[in-house]
């Protein structure tokens, strides 16, 4: 038996589906929208299970759906953490979510047997796909995962990926610049203090910054996104984005990237 509730919003159609599944608490929410002419839908899925007598585990995921994308290799790259996914529709993603929750709840039960469960508490795992921008056929998606286990275990991680919708590929750093790793490291260290969180390079435990694959860009900067534990081991939560001005990379930008981004 399934119960359906529909609500119409100004921004689009919001469809909420409360499903009496085997766990009887799976919640789905679908939203349709567009980003500058590029259609993007999203589905929010939530499930919970009592994994210990005093502990309830909540598992939630917001996933993006791209009705106009058909290239399987591109979709595999977008849903890189969904192993074996073949159906990229709402139904396919919902089915994978069900398998993920079963596996995750079982893993937590096995790995957290020694955790302090002597009082009533709720643990959480929250993952999100967020559309950040769509410019010149470049789609920037940010992936975040937050895990809260008891009072002492908490993590928050970010991943950024840019996809070339025109050529059906994930953008690599080499598609943007021919600069060496050493030069990029120097520029990252030079520009680190420009981060919006006002974290100082001088205060970091690690004094070496290497370029990573967690990057995105606009027409002004190439941004590298780091989880803070990279520079401050043991720091469980937090992140920092370091901007590298494209002007400082101008001689090393690839011709194709400059043309696509209209950089003179």
For the stretch 148-176, enumerate the residues that are more than 21 Å from residue 243 (Cα to Cα) and assigned to a loop (DSSP other than H, G, I, E, B). 150, 151, 152, 165, 166, 167, 168
In the set 70, 113, 83, the lone residue that is assigned to a loop (DSSP other than H, G, I, E, B), modelled with pLDDT of 95 or more and either assigned by TED's automatic domain parsing to the domain that holds residue 142 or in contact with a helix residue (DSSP H, G or I) (Cβ under 8 Å, 6 or more places away or on another chain) (or both) is 70
Checked pairs for the stretch 221-234, first farther than 15 Å from residue 207 by Cβ, second assigned to a helix (DSSP H, G or I), C-beta under 7 Å and 6 or more apart or across chains, list as 221/246; 222/176; 222/246; 222/249; 224/188
Which one of 83, 90 is closer than 30 Å to residue 166 by Cβ and touching a residue at least 24 places away in the same chain (Cβ under 8 Å)? 90
Residue 76 fails exactly one of (1) surrounded by 15 or more Cβ atoms within 10 Å (Cβ to Cβ); (2) at pLDDT 95 or above; (3) touching a strand residue (DSSP E or B) at 6+ places or on another chain (Cβ under 9 Å), namely (3)
Against the conditions (1) at pLDDT 95 or above; (2) not in a helix (DSSP H, G or I), where does residue 93 fall short? Just the number, please. (2)
Going residue by residue through the stretch 159-167, is there one that turns out to be assigned by TED's automatic domain parsing to the domain that holds residue 81, more than 21 Å from residue 256 (Cα to Cα) and out of contact with any helix residue (DSSP H, G or I) (no Cβ under 8 Å at 6 or more places or on another chain)? yes
Among the residues listed as 88, 105, the single one being under 18 Å from the mean Cα position of the chain (by Cα) and surrounded by 12 or more Cβ atoms within 10 Å (Cβ to Cβ): 88
Identity of the residue in the stretch 108-127, surrounded by fewer than 18 Cβ atoms within 10 Å (Cβ to Cβ) and under 18 Å from the mean Cα position of the chain (by Cα), that ends up farthest from residue 258 (Cα to Cα): 124
I'm checking my understanding of the structure. Among residues of the stretch 159-208 that are modelled with pLDDT under 95 and surrounded by 15 or more Cβ atoms within 10 Å (Cβ to Cβ), which one is nearest to the chain's Cα centre (by Cα)? 199
Of all residues in the stretch 200-220, which are in a strand (DSSP E or B) and in contact with a helix residue (DSSP H, G or I) (Cβ under 8 Å, 6 or more places away or on another chain)? 215, 217
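The values are calculated or read from the model by the stated rules, or taken from the named source; none is laboratory data. Remember, it's a predicted structure, so these values are computed and weren't measured experimentally. Note that we place each Cβ from the backbone using ideal geometry, even for glycine, and neighbour counts take in every protein chain shown.
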